[in-house]
1. Would a scan of the stretch 185-192 turn up a residue that is at pLDDT 95 or above and over 13 Å from Leu72 (Cα atoms)?
2. At pLDDT below 95 and not assigned by TED's automatic domain parsing to the domain that holds Leu247: does that describe Ile165?
3. Could you please find all residues in the stretch 199-223 being in contact (Cβ under 8 Å) with a residue 60 or more places away in the chain and of a type in the set (D, E, K, R)?
4. Could you identify the single residue in Gly195, Gly246, Gly240 that is out of contact with any Leu (no Cβ under 8 Å at 6 or more places or on another chain), assigned by TED's automatic domain parsing to the domain that holds Ile293 and at positive phi?
5. With the condition being loosely packed, with under 14 Cβ neighbours inside 10 Å, I'd like the strands (runs of 3 or more DSSP E) fully within the stretch 205-294 carrying at least 1 qualifying residues.
6. Under 30 Å from Glu136 (Cβ atoms) and in contact (Cβ under 8 Å) with a residue 12 or more places away in the chain: does that describe Pro260?
7. Mind checking whether some residue in the stretch 184-197 is touching a Gly at 6+ places or on another chain (Cβ under 7 Å), crowded, with 17+ Cβ neighbours inside 10 Å and part of a helix (DSSP H, G or I)?
8. Which of the residues spanning the stretch 89-112 are surrounded by 15 or more Cβ atoms within 10 Å (Cβ to Cβ) and either closer than 23 Å to Phe274 by Cβ or over 27 Å from the mean Cα position of the chain (by Cα) (or both)?
Amino acid sequence: MLGHWIADRVLPYWERFVRRSRIRRLMFDYQNRRTFADLIQHDRMLADEARVKAYWAAIEKHIGPDDVVLDLGTGTGVLTAFAAQRCAQVHALDHGPIIEAAEAVVRDNALTNVKFHRKHSRNLELDRKVDVILHEQLGNAVFDEHVVANIADLRDRLLAEGGRIYPSRLDMYIEPVQLRDDSRAPFSWQQKLHGVDFRELRHYGERQLKHHHYRYRVMRPFPFSHFLSDPEPVVSIDLGTIGPDGLPTRIAFEREVTTPGFVDGYCVYFNAYFDDELWFTSSPAVPATNWGIPLLRVEGPHVEPGQRLSFSLAALDLADPESWRWSSNVLGASVVAAEPSATETRIPA
C-alpha cells in the first residue's frame, strides 16, 4: 500500500520536476558522462560494422587534406582517428573521462594533428572556425542525445561559411510493428488464458501506465517480426538549418495496414544521411546495430490489410522520451480482434 501511495502521490511531482528544461539538461549531462565513461557502450559501438563502415566511407568521400574538423563526442576516438588520417587538423571534443582513452589511441597510432578538448560543447571556443562538424550524437530515440541543440549551437558559433556537417540529415520513424511470437507480451489485462479472462487487471494497469518505464521499452536486439504498414518518416530535419528549438512537440499520422498482424506497439528508429547516396539506419528490418530500438506499447488488436491506424504523440521535448504521451487507434469498420478487444490505447498524462 505504501508503494502504491508513493507511485500515485510522489512520482507525478517528481516527473514534473525533472521535466523542467534546465533540470532535464543537467540530469542528462550527468547521466551521459556516466554512460559513456567506460568501455561497455563503446564495445558495441566499435563492433557495429554498419556504423563504422558508413562513417569511414563518408570521411573518405567528404573530408580533404585542407579541412579542419571538429569531432563532437569523440568517445574512444574512432571518428577522430579516421578523420586525422585525411585532414589538416581535428579538434576532438568530449566532456567525459573517456577522452583520456581517445588520447591514448591517437598517441598509439602516431596521429599528431589532433587537439583534445575536455569540456561541454557549449563551452568550446576556438581560434578559427572549422570546415567540418563530425558527430554521432544519435540516441535510441533519435534526438535523445540532444543532437539538434548541440549541433545548432556549434554550427552557429564555430562552423565556417560553407562548412559541412556529417551526418547532415536525419529521418525519424515511428512504425506500427508486430513482434516475434516468442517475444510478444501484451498488457496483462489483454490476456485470456485457458478460459480465464484477465480484463479486471485494467484497473490496476491504469496506475502503471502513468510510468514511463512500463509503456516505453528499449529493446536490443529488437524481436522484429514485421511492419504492419509501409514505413514513412514522421520527422525529417537538416542539421545545417534547423534551430536549437526546431523539433516538433506534436506528431500525428495515419497508416494503411499492408500486412496483417497484431499491433504490439510502435517502434522508433532513424536514418542518418551523409549525402543522398551514403547513409545508415537503426531500422529493426536490417541486421542489428549498437542502437536499441524503443517500443511504444499500445493495446493493439489484430488488424488486416486495408484498415487504417492513427497515431498521435505529444511531447514537452522530442529529445526527452520521458515527456512523450501517445495514443493509437484503429480507424473505420469492423475489426476482428483476436484476444485483445480494445482498439485504442491512451496513455494517461
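1. no
2. no
3. Glu206, Arg207, Lys210, Arg215, Arg217, Arg220
4. Gly195
5. Details: elements: 216-219, 224-227, 235-238, 250-256, 265-273, 279-281.
Fully inside the stretch 205-294 and qualifying: 235-238, 250-256.
6. For Pro260, the condition - under 30 Å from Glu136 (Cβ atoms) and in contact (Cβ under 8 Å) with a residue 12 or more places away in the chain - is not met.
7. Yes, the stretch 184-197 contains at least one residue that is touching a Gly at 6+ places or on another chain (Cβ under 7 Å), crowded, with 17+ Cβ neighbours inside 10 Å and part of a helix (DSSP H, G or I).
8. At the first step, the residues of the stretch 89-112 found to be surrounded by 15 or more Cβ atoms within 10 Å (Cβ to Cβ) are 89-96, 98-99, 101-103, 105-106, 111.
Residues satisfying the conditions are Gln89, Val90, His91, Ala92, Leu93, Asp94, Ala102, Glu103, Val105, Val106, Leu111.
The values are calculated or read from the model by the stated rules, or taken from the named source; none is laboratory data. Owing to the predicted nature of the structure, the values given are computational and were not obtained by experimental measurement. Using ideal geometry, Cβ is built from the backbone for each residue, glycine included, and neighbour counts are taken over all protein chains shown.
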